[in-house]
Amino acid sequence: MLAVEEALRRILATVQPLHTETIGLHEALGRVLGVDVQASYDLPPFDNSSMDGFAVIATDVAGSSSSNPVTLHVIEDIPAGKAPHMTVRHGQAARIMTGAPMPAGADAVVPVEQTDQSRMSPEMPASIKVVQRVKQGDYVRPIGEDIKRGETVLEKGQVLRPADLGVLAGLGVSQVAVMARPKVAVISNGDELVLPHEPLTPGKIRDMNSYFLPALIAEAGGEPLLLGIARDTAESVREKLTLAVEQGANLILSSAGVSVGAFDVVKTVLDEMGSVEFWKVNLRPGKPLTFGQIQGICFLGLPGNPVSAMVTFDVFARPVIRKMLGLSVEMPTRMATMGEAMTSDGRMTFARVRLTRENGDLVAYSTGNQSSGVISSMVKADGLLIIPEGVREVKMGDRLAVRPFRFED
Ligand code: AMP
Ligand code: MG
């Protein structure tokens, strides 16, 4: 049977990074930057004061102290947001607020606390006494100190974080080119499926896959297209797949209807509308994974059991979305010590585990029933333990790789 790595390699070979689109900064959190960003301006854009105080010529006050204060005449008031008009000459000072531009002639700022004014009065004083010395450059934030014009501040492929949005705004960028979010069509298949708010008539179950798949897609950076439930007929499946193509899906994720049951029509319709590349992988849970294409669009037929669908999403669909976003497709893992023994059937197995920290070590315990139909053990899980292909038994104390759902430490 096809090994998981080989199956993933074949799937990924058919997809490419998508185009970029330009969006406003307020929409850009979590998006993947599509270009390198160079600063078009210096930051700060001009020399400015880092304190409320008086802009002076440092040599004028080089010898000042509380016992020997130097008196300076105040010639101008410079609040933040105003350009100074006067040039500071020897014996003079300009009153200046934090963030205001340094006036010509001055080369240092004396904080108000280091003058005879204990704090700023509403009126500009005619003169001040400086009671402490300052050196050239003191309390001045020079132009470009933070970022120099032309410098690369952010790189293509970065996932934008709050600070990144701040720096873009600071550099005068209000629109940013990001990778387009892959549109991922979600189709649930099955005559037994009803929606959560609908009554459970005999033989029916509620459609879970239409709820967690869009959540997984959004979390991975994709845009879910909810196409609802296809019934177990070729017409119904055909209709949904046609809709997916019409709506411009970059990836079609269908769940169920791909095993060997009498009413599993998905593969037949896929073959008719496009091509079936393979339909079994050596994975547990998730063996009946179907991969194909419809008009060049990647099609992944996930198994119907919710846990199988989640695991196959993680192993196959997430890397597809990430490649389309221009992100690395290597999923990070951690090494964990087995807190108890577990078994497998020799397929590559993704086991639901709880992770605890014990004496600085990450320790994995099974969350219980590992049947692919049991979602409660997934709900309790902190991650998926990877039991490699060919391994049937892991012992307490063995060290194995685990994919945590979250990296908290
Ligand atoms: P199938 O692949 O169609 O044989 O489905 C495998 C199992 O998954 C069956 O027990 C289905 O009832 C169940 N199943 C399929 N689709 C869903 C869904 N959307 N939500 C919950 N269970 C499902
Ligand atoms: Mg079915």
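The values are calculated or read from the model by the stated rules, or taken from the named source; none is laboratory data. This is a predicted model, so every value here is computed, not measured. Cβ atoms come from the backbone with ideal geometry, glycine included; neighbour counts cover every protein chain shown. With ligands, DNA and RNA removed, areas are computed over all heavy atoms of the protein, side chains included. Shrake-Rupley method; radii C 1.70, N 1.55, O 1.52, S 1.80 Å.
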Quick one: go through region 13-33 and flag any residue whose amide nitrogen is under 17 Å from the point 7 Å out along the Cα-to-Cβ line of K156. 16-23, 32-33
So what's the Cα pair-distance distribution over region 122-173, bin width 10 Å, in %? 16, 31, 20, 20, 11, 2
Which distance in nm do the two modelled labels at E239 and D77 give, with both placed 7 Å along the Cα-to-Cβ direction? 7.5
Between A3 and T343, the FRET efficiency computed from the C-beta separation at R0 = 22 Å comes out, to the nearest 0.05, as 0.65
Could you name the lysines whose alpha carbon sits less than 29 Å from that of K148, not counting residues in the same chain fewer than 8 places away? K82, K135, K156
Aspartates and glutamates near K323 by alpha-carbon distance under 16 Å, same-chain residues fewer than 8 away left out - which ones? E5, E219, E223, D314
Hey, how many Å between the Cα centroid of region 258-334 and the Cα centroid of region 158-193? 23
For the chain, longest principal axis from Cα atoms; helix 234-246 axis from its Cα atoms; angle between them, nearest 10 degrees, is 20
Based on the Cβ-Cβ distance of N359 and E21, what FRET efficiency does E = 1/(1 + (r/R0)^6) give at R0 = 51 Å, to the nearest 0.05? 0.60
Solvent-accessible area, 1.4 Å probe, carbon plus sulfur percent, for the chain: 52
If one computes P(r) from the Cα atoms of the chain, what percent of pairs lie at distances over 26 Å? 66
Spatial separation of Cα centroids for region 345-409 and region 1-53, in angstrom: 32
Would you please state which residues of region 70-96 a label at F46 would reach in this model, taking the label point 7 Å out along Cα→Cβ and a backbone N cut-off of under 19 Å? 75-89, 93-96
Averaging over every viewing direction, what projected area does the convex hull of the Cα atoms of region 259-325 cover, in nm²? 4.6
I need the calculated FRET efficiency for the pair S371 and A262, taking r as the beta carbon distance and R₀ as 22 Å, to the nearest 0.05. 0.45
Globularity index of region 292-409, i.e. its alpha-carbon radius of gyration over 2.2 N^0.38 Å: 1.13
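Quick one: if you take sqrt(5λ) for each eigenvalue of the C-alpha gyration tensor of region 1-113, what semi-axes come out, biggest first, whole angstrom?
Calculated on Cα positions only, the semi-axes equal 58, 16, 11 Å.
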Under 5 Å between amide hydrogens, which residues at least 5 positions from E76 or on another chain qualify, with H placed 1.01 Å from N in the peptide plane? R95
Could you work out the relative contact order of the chain? I mean the mean sequence separation of Cα pairs under 8 Å and 6+ apart, divided by the number of residues, in percent. 15
Would you mind putting 314-321, 79-86, 366-373 in packing order, based on average other-beta-carbon counts within 10 Å, highest first? 314-321, 366-373, 79-86
Per residue, what accessible area does the chain have, given a 1.4 Å probe and all protein chains present, in Å²? 48
Can you grab the distance from the C-alpha centre of region 72-106 to the C-alpha centre of region 207-245, Å, no decimals? 65
Along the three principal axes, how long is region 48-141 when you take its alpha carbons, biggest first, rounded to the nearest angstrom? 36, 26, 20
Contour excess over end-to-end distance, with Cα ends at H90 and S65 and 0.36 nm allotted per residue: 7.2 nm
Once you put a point 7 Å from the Cα of A218 and another 7 Å from the Cα of R149, both along the Cβ direction, what distance in nm separates them? 4.3
Give me the distance in nm between label points sitting 7 Å out from Cα along the Cα-to-Cβ direction at A163 and S127, one decimal. 4.8
